[in-house]
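Working notes, beginning with the structure itself.
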Amino acid sequence: MRNMLIDAQTSHLIGGINKHKMNIEVYMNNTIGIGEHSDIIVTIELVLEKLTNYHDKLEMLVKYFPKTEEEKSDDKKRTDNS
């Protein structure tokens, strides 16, 4: 159960990182279509702050809640049976 919760949180955080990275790419590559954001630099900085939040949480999750060897073994069994 613990392992599944760690995996779910990891997936959520990586999704948030990818979402904000993509938003920054859109701002950098398609500035014409973004009329409501007159100051693109400030907007990118705000999105970077959100990206940083997800990144920092992911680092803390990995650092303070590592998977145990028993849980890793259980993951392998589930993968092998699929």
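A few comments on the model shown:
- Contacts under 9 angstrom Cβ, first residue in segment 30-44 being at pLDDT 90 or above, partner open to solvent by 40 Å² or more (accessible area, probe 1.4 Å) and assigned to a helix (DSSP H, G or I), 6 or more apart: Ile44/Asn23; Ile44/Met28
- Some residue of segment 68-81 being at pLDDT 90 or above, open to solvent by 100 Å² or more (accessible area, probe 1.4 Å) and either assigned to a helix (DSSP H, G or I) or in contact with a Lys or Arg (Cβ under 6 Å, 6 or more places away or on another chain) (or both): no
The values are calculated or read from the model by the stated rules, or taken from the named source; none is laboratory data. Because the structure is a prediction, the values reported are computed rather than measured. Glycine gets a Cβ as well: all are built from the backbone with ideal geometry, and neighbour counts include every protein chain shown. Accessible surface areas use protein heavy atoms only, side chains included; no ligands, DNA or RNA. Shrake-Rupley method; radii C 1.70, N 1.55, O 1.52, S 1.80 Å.
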